[in-house]
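The structure under discussion is supplied below as structure tokens; questions concerning it will follow.
The values are calculated or read from the model by the stated rules, or taken from the named source; none is laboratory data. Owing to the predicted nature of the structure, the values given are computational and were not obtained by experimental measurement. A quick note on method: Cβ atoms are made from the backbone with ideal geometry, for glycine too, and the neighbour counts reach across all protein chains shown. The protein model used for the area step is the full one, side chains on, heavy atoms only, and it has no ligands, DNA or RNA in it. Shrake-Rupley method; radii C 1.70, N 1.55, O 1.52, S 1.80 Å.
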Amino acid sequence: MLMFFTRKCAAIFKTNSIVRRYCLNGDRLRILFFGTDTFSLPSLKLIHNNVKTEGKVQALEVVTSFKAAKNPVKHYCLAEGILSHDWNVFSASTNTSFNLGVVVSFGHLIPESIINTFSRGMINVHASLLPQFRGAAPIVHAIASGAARTGISIMRIKPKRFDVGEILLQSTVHITPDMVMPQLHDQLAEKGAVCLMQCIGNLDHHYRYSIPQDDLEATYAPKIGQNFAEIHWKGQTALQIYNLYRSLYSLRPLTTLFEGELVKLVKIRYDYNQAKFSNDHAHEGAGCIVYFKNTKKLMVRCHGGCFIEIVHLSIGNKKVCTGQDFYNGYLSKVDTSRRFFGM
């Protein structure tokens with residue numbers, strides 16, 4: 001009798017364990033991840049780690065672009081054995097088992113037919129405090145605008161338009177005066193991954209308390225065009241030019257013209273305490289190039305009176321040179337009336 005009772009209890013316990021496991025699995029997320037670049041990687045890695053540790057995420061596969069040879073997301077998937085799909089041939093019929101879509105720096109508008117396949121919806125990690133800086137280049141535009149802060153927004157994906165969905169979570173990042181784009185990029189990528197996992201861990205709560213965006217407060221951060229790097233000496237202050245330089249750091253150099261030849265400003269500096277120096281040279285016009293032999297500094301006067309220092313530059317197809325080399329090889333050979341940059 002005791003043996004029968006023990007076996008019966010064991011059977012009930014086993015049945016309850018199976019039911020409990022089933023319920024837990026039913027509550028877990030099966031994520032299809034959409035991403036293409038280094039900003040995507042921290043988020044992908046945290047989700048993958050959650051799968052490996054049997055956390056909230058039960059399954060993970062990736063959609064990315066197979067065209068780019070240096071696609072870091074594709075390489076990570078290959079190294080870690082994560083099944084990946086080529087976006088160029090991906091369709092709604094491909095998603096038969098995933099209940100949540102996660103988009104991080106993907107660069108493509110997701111069709112409504114694909115969005116509708118996810119029973120838990122689609123969420124996106126965006127590198128700004130939406131509705132500010134909607135668009136493809138929020139990090140660049142935040143620095144270029146001189147913003148003192150930006151951040152991360154986790155939002156719902158909506159069909160037909162980028163970056164307009166309800167906000168689930170936001171977190172602020174401060175932009176220090178000399179911070180350059182790669183530094184802010186990496187900081188936001190890491191914070192975005194942490195915020196994403198916070199949302200994934202309590203998705204229903206964040207959906208319940210999500211906040212619609214106010215379109216009247218929206219600003220935009222479109223894709224960077226080639227002319228974005230051009231300096232307009234008569235219309236941009238020294239600080240604006242320095243902010244532009246910081247925003248494009250490691251992407252492309254600022255450009256201008258000297259004697260009709262293209263000049264690339266590879267490295268520049270800005271002195272935040274230069275008011276007295278600027279007043280001492282108030283007679284120089286915007287774009288005027290001044291070389292100081294005692295300090296060996298090449299300076300350019302900007303709109304508003306302040307200067308930037310040019311540390312490294314190149315002219316035409318020549319190799320990169322110092323400000324001193326530029327003075328000896330080019331500037332010293334032209335009359336002072338022609339010592340101007342212009343665009």
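Considering only protein heavy atoms, what per residue accessible area in square angstrom results for the chain with a 1.4 angstrom probe?
Here the residues of the chain average 53 Å² of exposed surface.
First compute the accessible area of the chain with a 1.4 Å probe, then give the percent of it belonging to carbon and sulfur atoms.
So the carbon and sulfur contribution to the accessible surface is 54 percent.
Then there's this: Cross-link partners among lysines for Lys45, C-alpha distance below 16 Å, same-chain residues fewer than 8 apart left out?
Lys56, Lys74, Lys191
I've got another one for you. Classify the stretch 141-225: rounded, prolate or oblate, from the alpha-carbon gyration tensor (a ≥ b ≥ c, eigenvalue square roots; a/c under 1.5 rounded; otherwise prolate if a/b is larger than b/c)?
Oblate.
Let me ask you something else. Setting aside same-chain residues fewer than 8 positions from Lys267, which lysines have a Cα under 24 Å from its Cα?
Lys267 reaches Lys223, Lys234, Lys276, Lys293, Lys296, Lys297, Lys318, Lys319, Lys333.
Still on this structure: When the helix-only estimate is applied to the chain (DSSP H runs of n ≥ 4, each -39,500 (n - 2.57), divided by the residue count), what is the mean residue ellipticity at 222 nm, nearest 500 deg cm²/dmol?
-9500 deg cm²/dmol
Right, next: Under a crude label model (7 Å from the Cα following the beta-carbon direction), how far is Ala148 from Thr219 in nanometres?
With each label placed 7 Å out from Cα toward Cβ, I get 1.3 nm.
Along the stretch 47-63, what does the Karplus equation 6.51 cos²θ - 1.76 cosθ + 1.60 (θ = phi - 60°) give for ³J(HN,Hα), rounded to whole Hz, x for Gly and Pro?
Values, residue by residue: 5, 4, 5, 5, 5, 5, 8, 6, x, 5, 9, 8, 9, 8, 9, 10, 10 Hz.
Which of Val57, Val89, Val102 ends up with the largest GNM mean-square fluctuation for the chain, with Cα atoms connected below 10 Å?
Top of the fluctuation ranking is Val89.
Here's another thing I want to ask about it. Tell me which label goes with the value of P(r) over Cα pairs in 20 Å bins from 0, in percent computed from the coordinates here: (1) 26, 41, 24, 6, 2, 0; (2) 30, 58, 11, 1; (3) 26, 54, 20, 1.
For P(r) over Cα pairs in 20 Å bins from 0, in percent, the calculated option is (1).
When only Cα pairs under 8 Å and 6 or more residues apart are kept, what is the percent relative contact order across the chain?
13 percent
Here is a further query. 5 Å is the cut-off here: which amide hydrogens, built 1.01 Å from N in the peptide plane, fall below it relative to Lys297, excluding neighbours closer than 5 in sequence?
Phe292
Something else about it: Using modelled backbone amide H atoms (1.01 Å from N, in-plane), which distant-in-sequence or interchain residues come within less than 5 Å of Arg134's amide H?
The list, which skips near neighbours in sequence, is Thr219, Tyr220, Ala221.
Full extension from Asn49 to Asn88: what is 0.36 nm times the residue separation minus their Cα-Cα distance, to one decimal in nm?
So the chain would gain 11.3 nm between Asn49 and Asn88.
Something else: I need the phi-derived Karplus couplings for the stretch 107-119: 6.51 cos²θ - 1.76 cosθ + 1.60, θ = phi - 60°, integer Hz, Gly and Pro marked x.
Per-residue couplings from phi come out as x, 10, 6, 7, x, 4, 4, 7, 3, 6, 7, 9, 5 Hz.
Applying the Karplus parametrisation 6.51 cos²θ - 1.76 cosθ + 1.60 with θ = phi - 60° to the phi angles of the stretch 88-93, what ³J(HN,Hα) value in whole Hz is obtained for each residue in order, glycine and proline being reported as x?
My calculation for the stretch 88-93 gives 5, 10, 7, 9, 4, 5 Hz in order.
Same structure, new question: Report the relative contact order of the stretch 219-335, percent, no decimals, based on alpha-carbon pairs under 8 angstrom and at least 6 residues apart.
Relative contact order comes out at 25 percent.
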